[in-house]
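Below is one structure, written out as structure tokens; the observations come after it.
The values are calculated or read from the model by the stated rules, or taken from the named source; none is laboratory data. As the structure is a computational prediction, the values presented were derived from the model and not from experiment. Every residue, glycine among them, receives a Cβ derived from its backbone with ideal geometry; neighbour counts consider all protein chains shown. We work out accessible area using only protein heavy atoms, side chains counted, and drop any ligands, DNA or RNA first. Shrake-Rupley method; radii C 1.70, N 1.55, O 1.52, S 1.80 Å.
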Amino acid sequence: MNKSKKCSISIGPIHPALKEPIQIEVLVEGERVKDASFSLGHVHRGIEWMGLRRNPIQIIYLAERVCGICNISHPLAFCIAVENAANIRVPERAEYLRTIYAELERIHSHLLFLGVAAHELGFDSILHYIWLIREKVLDVIEYLTGNRITKAVLMIGGVRRDISKKQIPKIKEMLAYYKKAYEKLCEILLDDPTIKLRTRDIGVLSKEEALKLCAVGPTARASGVKKDTRQDFPYAAYADLDVEAITPDVLLGEIRGDVFDRIIVRLLEIKQSLELIEKCIKELPEGPTLYEPVLQKLLVDLKKVDNEGIALVEAPRGELIHYLRMQNSETLFAWKIRAPTYANMHTIVPMLKDSELADVPIIVASIDPCLSCANRAVLADKEAIIAQEKIHELCVKKTLKIKERLKRWEHV
Amino acid sequence: MGLDALKRSLWVFHINTGSCNGCDIEIIAALTPRYDAERFGVKLVGSPRHADVLLVTGPVTRKMKERLIRAYEQMPEPKIVVVVGNCGSTGGVFYESYNLEGPIDKIIPVDIYVPGCPPRPEAIIHGLAKAWEKLEGMKKCKQQNL
Ligand code: SF4
């Protein structure tokens, strides 16, 4: 390839593993990325449109399938929005149960991310190790809700399943297990010189840029923006729990806004979630778990509502917004979802600028996009086809090179 | 079917045609140590040209239809298509959407359906075992010129 010549490479939308389809186009000069852009819409299923044809209780199950990973956050946000519109007061116990479910989901999602990040760097053994310990939280989720992925526990005005006293020891066992695993994870991810060299100062997002692009969630927090919906606009039981937004300086005393910082933030949030669950179990109040157990009656009540509702929820990837309008009818008048990845997607453009081609996969993965990406890259001006594998290979090769260099240093 | 019957490994290409990710993470879970489909030689590959099995999830959105067909056509014969999840098999919760071209069997021929929303990893492995059986059958037929 002529080094000084710029060419554009479009990556996507099919990826062999993980994530959803997205198309990213990068303009490269030699190995350097000069500019980047992306296009979405491969997974557009018209969920909001379909929602307007169903009644609120049916929509819960549709909202669950917006995203298979955040399938507590979406129905939770939807339920809170309906409750706001209809002035429904959720029983206290249900609020705590919701918090527990939401935090379990955060643990599983963050572990998933850490595994994917390791895979993108070429450490497949770490991917397997992390996904192995991730099974523990899925087991507990299955034990509490009856299913591993789509849980269907939320209902307008509460939750559908209670956590009994008999079930608490299993949760406690999980907490103990993860406390141990957490230390090992820190050791693997934070002390390893190769991972550090591979992710430090890569894909930097400055605080100004993060604010300007309205980044949310761990992506924003890793750049030093102290925002967290659980802290700023508490919902469920978070107001009682004193949640604080986590930035990487807690651990290292500095914020660089790079990929490494994003890994740190997610690791720390796993620990935070464990603590929150522990607190919730301890303070779990007694009482009912549903505002209105007879669903037929709930539907009739909802039919009389003429109001709008909005809900903000901190999904694992950041702030999630559901807005809806009800107008004296069985179905909704309007429903709008703003998912966190939608806000975060724009940050990959400044992150990718001036990075190496070999760093593209880890940078894109570092915002934990809820979108699948790159499988085949097409060299636009030569019409040759490079498999995305090759880019992934580049990424892995770079890791190996760094490893070798490290070994040589050790000898000297 | 004993273990000695496993003569060849299945190489799998996974394509997401607009799924909610639920099935996709269960596929990865099926490959990682708890369920460990790799012990049967099942391996995810990065290109359809290397694959024996096409693992499809999602209800096929308009943008993904062409890509699905292209991936299918790039696969060498004999090939097997396994659909994972309800929404790929029938449309599932998304059945009435305006942006769907699916379900998948409307676009490419499907051999095996794994129902569930999402199916458990065990079910996905079961689907792959069925794919293997069918593929072996196809190979035998070809050898005997049937
Ligand atoms: S079958 Fe269900 S879980 Fe699987 S992708 Fe479709 S909606 Fe998601």
task: Please go through the range B:77-108 and pick out each residue that is open to solvent by less than 30 Å² (accessible area, probe 1.4 Å), more than 14 Å from the ligand (Cβ to nearest atom) and within 12 Å of chain A (Cβ to nearest Cβ).
output: B:Asn99
message: Can you say whether A:Lys226 is surrounded by fewer than 22 Cβ atoms within 10 Å (Cβ to Cβ), in a helix (DSSP H, G or I) and of a type outside the set (Val, Ile, Thr), as far as the supplied structure shows?
response: no
statement: Taking the range A:228-258 and keeping residues among the aliphatic types (A, V, I, L, M) and in contact with an Asp or Glu (Cβ under 8 Å, 6 or more places away or on another chain) leaves A:Ala236, A:Ala237, A:Val243, A:Ala245, A:Ile246, A:Ile255
- line: Within the range A:26-36, residues being in a strand (DSSP E or B) and either free of Cβ contacts under 8 Å to residues at least 40 places away in the same chain or open to solvent by less than 60 Å² (accessible area, probe 1.4 Å) (or both) number 6
task: Search the range B:80-104 for residues that are within 17 Å of A:Gly68 (Cβ to Cβ) and pair each with any residue that is within 11 Å of the ligand (Cβ to nearest atom) and acidic (Asp, Glu) when their beta-carbon atoms are under 8 Å apart and the residues are at least 6 apart or on different chains.
output: B:Val84/B:Glu26
message: It is to be established whether one or more residues within the range A:329-341 are crowded, with 21+ Cβ neighbours inside 10 Å, under 14 Å from the mean Cα position of the chain (by Cα), charged (D, E, K, R) and closer than 26 Å to A:Lys227 by Cα.
response: no
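Going residue by residue through the range A:56-68, is there one that turns out to be open to solvent by 10 Å² or more (accessible area, probe 1.4 Å) and in contact with a Phe, Trp or Tyr (Cβ under 8 Å, 6 or more places away or on another chain)?
Going residue by residue through the range A:56-68, those that are open to solvent by 10 Å² or more (accessible area, probe 1.4 Å) are A:57-58, A:61, A:65-66.
Retained after the next criterion (residues that are in contact with a Phe, Trp or Tyr (Cβ under 8 Å, 6 or more places away or on another chain)): A:65.
Yes, that holds for at least one residue.
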- line: For the range A:132-155, pairs from a residue that is open to solvent by 50 Å² or more (accessible area, probe 1.4 Å) to a residue that is part of a helix (DSSP H, G or I), with Cβ under 7 Å and 6 or more apart or across chains, are A:Tyr143/A:Gln167; A:Tyr143/A:Lys170
- request: Tell me, please, whether a residue that is without any contact (Cβ under 8 Å) to a residue 12 or more places away in the chain, over 26 Å from A:Arg45 (Cα atoms) and either crowded, with 19+ Cβ neighbours inside 10 Å or within 10 Å of chain A (Cβ to nearest Cβ) (or both) can be found in the range B:35-51.
  value: yes
- prompt: Just to be sure, is A:Ile59 of a type in the set (A, V, I, L, M, F, W, C), within 16 Å of the ligand (Cβ to nearest atom) and part of a helix (DSSP H, G or I)?
  reply: yes
query: Which of the residues spanning the range B:25-45 are in a loop (DSSP other than H, G, I, E, B) and within 18 Å of B:Ala123 (Cα to Cα)?
result: B:Thr32, B:Pro33, B:Arg34, B:Tyr35, B:Asp36, B:Gly41, B:Val42
statement: Within the range B:53-73, of all residues that are open to solvent by 30 Å² or more (accessible area, probe 1.4 Å) and modelled with pLDDT of 90 or more, the one nearest to A:Gly41 (Cα to Cα) is B:Ile69
query: What number of residues in the range B:6-24 are within 13 Å of the ligand (Cβ to nearest atom) and either over 12 Å from B:Pro121 (Cβ atoms) or open to solvent by less than 10 Å² (accessible area, probe 1.4 Å) (or both)?
result: 10
